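Readers should treat all values here as calculations from the given coordinates under stated rules, not as data from a laboratory. Since the model is a prediction, treat every value here as computed from it, not as a measurement. A quick note on method: Cβ atoms are made from the backbone with ideal geometry, for glycine too, and the neighbour counts reach across all protein chains shown.
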Amino acid sequence: MLPLPTHAEFDETTAPTLTAITGSQRRLDPTTPARELARGVVAHVELADRRYNQGGRSPFASDIAAAVSEAAGFAAWLHTDMHDIGTARTYYRMAINRARQAGHDLLTAYMLGSLATFEVEAEDPDLGIALIAEARKQIGPRPHATPSAWLASLEALAHAATQREGRDARSTEALLKAEHAIEEDRSAATPWPWVFPFDNAKLAGYRALVSVRLNLPSQALTAFAESLTSTQPAPKQRAAVMLEVATAVRQGGEQDRDTSQADEAFQLGIDALKIGTTYASERVIQRARRFRREYSGPTTPKVREFDRHLRATLL
C-alpha cells in the first residue's frame with residue numbers, strides 16, 4: 001500500500017499568517033469606523049485562539065499565542081474606540097494572558113502598558129500606575145529605550161491624572177526618566193511589538209497631555225506644537241488631540257480672563273466632534289462631553305453651536 005501524504009495542522013507559517021491578518025486589519029483602522037471593523041476582528045481573534053488551543057503542544061504554540069495576543073490587543077483598542085468598556089477590558093486581559101503564555105516579556109509589558117493607558121483614560125490612574133509597575137517587572141532591569149521611555153511617559157500621565165498632592169513633581173520625575181531613556185540609546189533597533197522608536201516628538205506629546213492635566217496651558221500648547229511638527233496623527237487620534245489642545249486653550253483663557261479664547265477652544269471642539277461623528281468614534285465623543293462638562297464660563301453662540309453638535313451625536 002502506498003503511503004498517503006500527510007500535512008501538519010500547525011507549522012512555521014501558522015503564526016505569521018495570523019499576524020499578517022491582524023496587520024491588514026490594523027491598516028484599515030485609521031480611516032474606518034471601529035464598529036465596521038470589530039466584527040471581523042473579533043472573528044479573527046476567536047479563530048486564532050482556537051488554533052492556539054488546538055496546537056497547545058506543538059512546537060509553534062508560543063508563536064501562535066503571541067499572534068493571539070496581538071489580535072486581542074487590537075480588538076481591545078477597537079472596543080475602546082467604541083467606548084465598550086467591559087468588552088475592551090476582556091480583550092486586554094486575554095492579550096496579557098496569551099502574551100504570558102507565549103513567554104514574550106516585551107509583548108506582555110506592551111499589553112500591560114496598553115491596559116494601563118486604558119485605565120488612566122477611564123479615570124482610574126492609581127490602577128494605571130500599578131499596571132505600569134507590573135509592566136516594568138516584565139521588561140527587566142536593562143530594557144530597551146523605547147519601552148522604558150514609553151512606560152515612564154505613561155507613568156507621568158497617570159500621576160498627573162490623580163488628585164494627589166505632589167502629582168506635579170512625580171509627573172516631572174517620570175518625564176525626566178523618559179527623556180534620559182531616549183538620550184541613552186538612540187541607535188538600537190526598536191523591539192517588537194513596538195513598530196516605531198519612542199522619540200522626542202512622542203515625548204513632547206505626553207508632556208503636552210501631562211501639562212493639560214496639571215492645568216499648565218502655556219506649557220501644553222508649546223509641547224503640542226513640538227509634537228505635531230514631525231507627524232500628523234490619523235483622523236480619530238487627531239480628533240482626540242484637538243480636544244486636548246482645545247482644553248489647553250480654554251484653560252489659558254480662564255487664566256488670562258480672555259473670553260475670546262473660549263470661542264477658539266469650542267471651535268476646535270466642534271472640528272473634533274465632526275471627525276468623531278464621521279468615524280463613529282464614541283471615544284472622541286465621550287472626550288467631547290468631558291470637555292463640555294469641565295467648562296463653567298458663559299454660554300456664548302460658539303458654545304451653543306458646540307452643544308448642538310454634541311446633541312446631534314445622540315440622535
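Net charge near residue 29: determine it from the other residues with C-beta under 13 Å of the C-beta of residue 29, scoring Lys and Arg +1 and Asp and Glu -1.
Combined, the nearby Lys, Arg, Asp and Glu give +3.
Taking the chain as a Gaussian network, Cα atoms linked when under 10 Å apart, which of 31, 231, 14 shows the biggest mean-square fluctuation?
Top of the fluctuation ranking is 231.
Using the charge dipole of the chain (Lys, Arg: +1 at Cβ; Asp, Glu: -1 at Cβ; taken about the Cα centre), state which of 62, 113, 247 has its Cα farthest towards the positive end.
247
Read phi for every residue in the range 144-152 and hand back ³J(HN,Hα) as whole Hz from Karplus 6.51 cos²θ - 1.76 cosθ + 1.60, θ = phi - 60°, with x for Gly and Pro.
Result, rounded to whole Hz: 5, 4, 5, x, 5, 5, 4, 5, 5.
If each residue of separation counts as 0.36 nm, what is the full-extension length gain between residue 255 and residue 169 once their alpha-carbon separation is subtracted?
Roughly 28.8 nm would be gained on extension.
What does the helix-only formula give at 222 nm for the chain: each DSSP H stretch with n ≥ 4 adding -39500 (n - 2.57), the total divided by the residues, and the result rounded to the nearest 500 deg cm²/dmol?
When only DSSP H runs of four or more count, the value is -24500 deg cm²/dmol.
Put +1 on the Cβ of every Lys and Arg and -1 on every Asp and Glu Cβ in the chain; which of 104, 31, 161 then has its Cα farthest towards the positive end of the dipole?
31
Can you put 119, 264 in order of Cβ neighbours within 10 angstrom, beginning with the fewest?
264, 119
Fewest Cβ neighbours within 10 Å first, please rank 21, 85 accordingly.
In increasing order of surrounding Cβ atoms, one gets 85, 21.
Scan the chain and hand back the longest stretch that contains none of the trypsin sites (Lys or Arg not before Pro) lying in DSSP loops with at most 11 other Cβ atoms within 10 Å.
My reading of the result: 58-163 is the longest stretch.
Top mean-square fluctuation among 258, 84, 168, Gaussian network model of the chain, C-alpha springs under 10 Å?
Between 258, 84, 168, it is 258 that shows the largest mean-square fluctuation.
Looking only at 15, 122, 262, which one moves most when the chain is put into a Gaussian network model with springs between Cα atoms under 10 Å?
Comparing 15, 122, 262 in a Gaussian network model of the chain, the most mobile one is 122.
Hey, how many Å between the Cα centroid of the range 279-315 and the Cα centroid of the range 94-111?
The distance from the Cα centre of the range 279-315 to that of the range 94-111 comes to 38 Å.
Helix 125-139 versus the longest principal axis of the chain: what angle, 0 to 90°, nearest 10, using Cα atoms?
Tilt relative to the chain: about 40 degrees.
Just how large is the dipole of the chain about the Cα centre, in debye to the nearest 20, putting +1 at every Lys and Arg Cβ and -1 at every Asp and Glu Cβ?
620
Using a simple charge model, +1 on the beta-carbon of Lys and Arg, -1 on the beta-carbon of Asp and Glu, nothing else, what dipole does the range 232-315 show about its Cα centre, in debye to the nearest 20?
Charge dipole of the range 232-315: 400 debye, to the nearest 20.
At a temperature of 10 °C and a viscosity of 1.306 mPa s, determine how fast the range 119-229 diffuses translationally according to Stokes-Einstein, using the Kirkwood radius over alpha-carbon pairs as Rh; express D in µm²/s, rounded to the nearest whole number.
This corresponds to a translational diffusion coefficient of 112 µm²/s.
Fewest to most neighbouring Cβ within 10 Å: what's the order for 183, 70?
Listing 183, 70 from fewest to most nearby Cβ atoms yields 183, 70.
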